[in-house]
1. Against the definition (touching an Asp or Glu at 6+ places or on another chain (Cβ under 9 Å), basic (Lys, Arg) and either free of Cβ contacts under 8 Å to residues at least 24 places away in the same chain or not assigned by TED's automatic domain parsing to the domain that holds Val244 (or both)), how does Arg440 come out, yes or no?
2. Are any of the residues in the range 246-261 assigned by TED's automatic domain parsing to the domain that holds Gly153, surrounded by 15 or more Cβ atoms within 10 Å (Cβ to Cβ) and farther than 23 Å from Leu163 by Cβ?
3. Does the range 109-137 hold any residues that are closer than 24 Å to Val283 by Cβ and polar (S, T, N, Q), and which are they?
4. Cβ-Cβ below 6 Å, separation at least six or inter-chain, first residue in the range 142-153 and without any contact (Cβ under 8 Å) to a residue 60 or more places away in the chain, second small (Gly, Ala, Ser): which pairs?
5. Of the conditions (1) farther than 16 Å from Gln261 by Cβ; (2) among the small types (Gly, Ala, Ser); (3) touching a Leu at 6+ places or on another chain (Cβ under 7 Å), Ser168 clears all except one; give me its number.
6. At pLDDT below 50, loosely packed, with under 15 Cβ neighbours inside 10 Å, more than 31 Å from the chain's Cα centre (by Cα) and not in a helix (DSSP H, G or I): is that true of Gly8 in this structure?
7. Return the residue satisfying two criteria in turn: it lies in the range 99-129 and is part of a loop (DSSP other than H, G, I, E, B) and either within 19 Å of Gly146 (Cα to Cα) or among the basic types (Lys, Arg) (or both), and of such residues it is nearest to the chain's Cα centre (by Cα).
8. Of a type in the set (Gly, Ala, Ser), assigned by TED's automatic domain parsing to the domain that holds Ser285 and either surrounded by fewer than 17 Cβ atoms within 10 Å (Cβ to Cβ) or farther than 17 Å from Leu127 by Cα (or both), is that true of Ala196?
Amino acid sequence: MTTAPSDGPAEPRPEPVSDSVPGLLPGTRRALLRRLAVGQADGRAPSMTGAVVRDGRQVWAEVRSSAVDGPDAGGPDAGGDPVGDAESCGAVQYRIGSLTKTFVAVLVMRLRDEGRLCLDDPAGRHLDGTPVPDATVAQLLAHSSGLAAEPRGPWWERTAGTLRPEPSDLFGDRPQRLPAGRRHHYSNLGYAVLGALVERLRDGRPWDEVLRREVLEPLGMSRTTVLPVPPHTQGWAVHPWADVLLPEPAQDTGLMGPAGQLWSTVDDLCRWAAFLLRGDDRVLSAAGVAEMRTPAVPPEDEGWEGGYGLGIQLVRRGPLPGAGQRSGGRVLAGHTGSMPGFLASLWLDPEEDLAGIALANCTSGPAIGGIAADLLEIVADREPRIPAPWRPLPGPPDEALLALTGPWYWGAKPFALRLLAERALDLTPLTGTGRASRFRAEADGTWTGLDGYYAGETLRVVRAADGTVSHLDLGTFVLTRGPYDPAGPVPGGVDPEGWRV
């Protein structure tokens, strides 16, 4: 592996959000190092770098490399020069492949927030000549546009983008393989279309220039680039049946760049992970990145253990949820990436405010997605997050809202309604399983469901003629203060003889 000399001082490590955030325990750090070492050794990677982000800051980073110190360190023919130690590895670039798609997706979400497009807009409204004019922007983001997986011609990741200088050069005779919106079908072509969309709506500026100005510079990610900038690693193919190496070409993929062109460092990806967990109003709000992490299409996998949001992959590790439960196992969001000579993975756990990152400079071998997820889970399992202190709601309580809290019944099923900050509500079943959801307050006095069965549904408070609360209407379901309360408008009525033995 070749590491070119640096043109200047290394970039600073990501700064902590708060000096009060503690570091990791020695036992946890050793477990992380062992997982990285096993991944590099078993996967036969020339080098592998890993990192963990917690509470918005990098709390651990390490590198394992096949290079050795001294005059016989190897060099290009031996898989060679060292990438440095844990203190310097964070500034060394690796190619990150399809992690590039998460950056392009953020550019599209910014255009949405500015009113330049709607996610439900057909692509043809903004781009002439696209082979999927009726596929929506959201379908392109979520890989449900039906576009072919790859561009026409030879393997695009190992050939120069100059072979496809015009958009029409990307599409074969049958560019749309499936009906738009019907199923998830991963499409690198779809992100080439999205990159063209960004350029069209940003007055013809190249997508990577837009990315640098609007995203990378505000977040301090100066070591994330479309072409490698020293120090960077050489990509290698490792022979499947012998411990020998073959250098991989690092092509500029041209119009396919939005699908996987970027190079980055573990330090920069720590900043990116913190952003994807928390948002940054200079780039995209916390609500915006949470929307990206929300499933947008069903997975193809029979176990329904993975899916895709808006530019974000989703995976569930551990047991599946039971009926009516909001979650089961650990749901991770992020992305994996690969280009000839490189593997990359970044996984987030929003509930733990935690991320794991792994980068390697080989075409295949290490299970890089599992390694990044394992790094995250080692910290989550060994050092569970300490919750923030409980605090009362700010300001004086709204007596009318307080009066709504407490038990409500859908038929005979008991639920608890709780008041949250900003007039939000939480509805939770009190026995067994049931349809739990959180609700956002609206200006018209109603609430909108945010998750679960009631996502997007409207919750209304219905009052009697005298102004007292009669019942709650939740997407036509009636919730009353008592089980099958005869005083409430229970659909179908309540038997006049009431409850009986």
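The values are calculated or read from the model by the stated rules, or taken from the named source; none is laboratory data. Just so it is clear, the model here is predicted, and its values are computed rather than measured. Here Cβ is always computed from backbone atoms with ideal geometry, including for glycine, and neighbour counts include all displayed protein chains.
1. yes
2. No: the range 246-261 contains no residue that is assigned by TED's automatic domain parsing to the domain that holds Gly153, surrounded by 15 or more Cβ atoms within 10 Å (Cβ to Cβ) and farther than 23 Å from Leu163 by Cβ.
3. Within the range 109-137, just Thr136 meets the criteria.
4. Within 6 Å, the pairs are Ser145/Ala135; Ser145/Ala180; Ser145/Gly190; Gly146/Ala180; Leu147/Ser187; Leu147/Gly190; Ala149/Ser187; Arg152/Gly172.
5. Unmet for Ser168, out of (1) farther than 16 Å from Gln261 by Cβ; (2) among the small types (Gly, Ala, Ser); (3) touching a Leu at 6+ places or on another chain (Cβ under 7 Å): (3).
6. yes
7. Leu119
8. So Ala196 fails the test.
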